[in-house]
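The values are calculated or read from the model by the stated rules, or taken from the named source; none is laboratory data. The model shown is predicted, which means the values in this text are computed figures rather than measured ones. All Cβ positions, even for glycine, are placed from backbone atoms using ideal geometry, and neighbour counts span all protein chains on display.
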Amino acid sequence: MLGEKHLAISSLACAAFGITMLFLLNEAIEPRELSVREINESLVGERVSVAGRVDWALEKDNFILFTLNDGAKIKAIKFSPSWEERGLAGKGSYVTVVGKVQLYKNEIEIVAEEIRQW
Amino acid sequence: MVETLLFFVLIGCLLGIMTGLTPGIHVNTIAVIALGLFQTGRFELVVLIVSMSIVHTFMDFIPSVMLGVPGEDNLLSVLPGHRFFLKGKGHHAVLLTVWGGIVGGIAAIALSPIFLKFLQKSIAEIAKAIPFILAAVLALMVLKERETGKKIFSLAIIALSSLLGIIALSAASSIKNPLIVLVLGFFGAAPLLHSLKNKPVAKKQGSGEEKIESGVVFESALLSVLAASFVSMLPGIGPNQAALTVRTIVGKIRESSYLVLLGGINTANMFFSLIVLYAIGKTRTGTAVAIKQLIELQPEHMFALVAVSLIAIAWGAIATVAISKWLLKVVGKFDYGKINLFVFAVLVAIVFSLSNSLGMIAFATATMIGFAAIAFGIKRSHCMAFLMVPTILYYGFSLTLP
């Protein structure tokens, strides 16, 4: 038979497990903060966070293609950008891009999950 | 980063308490407000929305049990839940839904890899079977009425509810927020009106020390995961229809089991809707819609959301039990008839604020149909036809009114 005591124990065990999981996953959730120079083929598939200035941007209906410059340049693409992200990724603006490194037509680029204000 | 995420989990859980306790305020509304309020990373907002949604699935049984006021996702809990309340077992009813939420939620998380595989392979076949299942459920509901007169009345109630649902929920309808308007009319205002007329008296509330059979909890909660998997896969099927279908197929089910079932479906469905969003990009809940606008879910996000869901389940369970106990003491001090009158006025105010003049007419119509069902001694669950028939039309004939 189950009472409130069992409920409290189950809930606390649940919370403890969840919090432990979050701490263990911390490295996987947190993108690696890198400069453009540090991004190379060995990082393909990894989530990274890169800050820089938008040197050039091409905006279409379902994506924004832009170049990020922090002393070195890298291409980035954001599919289905929000209105806020469209506003942020204009030429000359400073942004932080979080996304996955991929190899496209032999060129390293970032497929952005998120474009934030720097 | 973990500390930031835990902070947003906490904010989400607190918001979930607010949305759950307040009839008419849904997680969708708060998700949209949160998007505008918090200038932060998108994944942190996703964490806030998920934890709020999960806590909401626990908390929103409190108004339905104590005040007879349903939410969109738990409207069929009002009947058995409120009956427990009138017998002085309101807290016991809430505990049953909490156990359903804990076991159902954890089971959904544990079974999600299987659900993911099944989802990708079988969704088309399941969609084809839905109109037949729902039509069969409606037919069974009528046939289960004992007297011929009641069978005829239930057909009438089903016909009227269906018509109202088809008109109000169609794409061409000018009614603002039609779903909550109809839910509050059929399952909120109608029983309250009946209570005001008949003046039931709620017995003194016990403290819920009555133990719960573990078999009841685990059987019903596992059944709820199965039902929730259908709810999360198919648009137009809500937790209420899933619970009704299970109840009709399984046969006689104790009210206590039914409350555990509903608690489990609500929480499990919330988690499964994240899996559906991740796997096939479809949204089945307002929560999923909000998340889709924020971020494209990656595997590492999903693992983190499992952790967040576990924390939110724990918070939802403990907060619901504590608040339920406290609220019962408060509610017990007031005249029950005056509480009913007050809640009725609040419902009218909610519909007035959320909807428009056509919505008020739909609300009044739904209230009258629901009241008629109660007055004729027909099961109020027949009014579910307002959702079921449009769903049958959608799946069976690809019909939505223009």
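Data table
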quantity: Where B:Phe334 falls short, out of the listed (1) more than 14 Å from every other protein chain (Cβ to nearest Cβ); (2) in a helix (DSSP H, G or I); calculated: (2)
quantity: Cross-chain or 6+ apart pairs with Cβ under 6 Å, region B:311-327 first and more than 7 Å from chain A (Cβ to nearest Cβ), then surrounded by 21 or more Cβ atoms within 10 Å (Cβ to Cβ) and among the hydroxyl-bearing types (Ser, Thr, Tyr); calculated: B:Ala312/B:Ser51
quantity: Subset of region A:23-68 that is under 21 Å from A:Leu88 (Cβ atoms) and aromatic (Phe, Trp, Tyr) - its residue that is farthest from the other protein chains (Cβ to nearest Cβ); calculated: A:Trp56
quantity: Subset of region B:134-161 (residues that are under 17 Å from B:Ile392 (Cα atoms) and either outside any helix (DSSP H, G or I) or among the hydroxyl-bearing types (Ser, Thr, Tyr) (or both)); calculated: B:Ser161
quantity: Single residue of region B:165-216 satisfying the filter (within 14 Å of chain A (Cβ to nearest Cβ) and assigned to a loop (DSSP other than H, G, I, E, B)) that is modelled with the highest pLDDT; calculated: B:Glu213
quantity: Residues of region B:274-303 satisfying the condition of being within 22 Å of B:Gln120 (Cα to Cα), out of contact with any Ser or Thr (no Cβ under 7 Å at 6 or more places or on another chain) and either facing another protein chain (nearest Cβ under 10 Å) or not in a helix (DSSP H, G or I) (or both); calculated: B:Gly281, B:Lys282, B:Thr283, B:Ile295, B:Glu296, B:Leu297, B:Gln298, B:Pro299, B:Glu300, B:His301, B:Phe303
quantity: Sole residue being buried (at least 23 other Cβ atoms within 10 Å of the Cβ) and small (Gly, Ala, Ser), chosen from B:Gly88, B:Gly104; calculated: B:Gly104
quantity: Among the candidates B:Val348, B:Val308, residue that is closer than 30 Å to B:Lys87 by Cβ and either of a type in the set (Val, Ile, Thr) or free of Cβ contacts under 8 Å to residues at least 12 places away in the same chain (or both); calculated: B:Val348
quantity: Among residues of region A:4-33, those that are in a helix (DSSP H, G or I) and farther than 22 Å from B:Val217 by Cα, counted; calculated: 13
quantity: Condition met for B:Leu160 (in contact (Cβ under 8 Å) with a residue 12 or more places away in the chain and under 14 Å from B:Cys383 (Cα atoms)); calculated: yes
quantity: Residues satisfying the stated conditions in region B:352-402, i.e. farther than 15 Å from B:Lys176 by Cα and not in a helix (DSSP H, G or I); calculated: B:Phe376, B:Gly377, B:Ile378, B:Lys379, B:Ser398, B:Leu399, B:Thr400, B:Leu401, B:Pro402
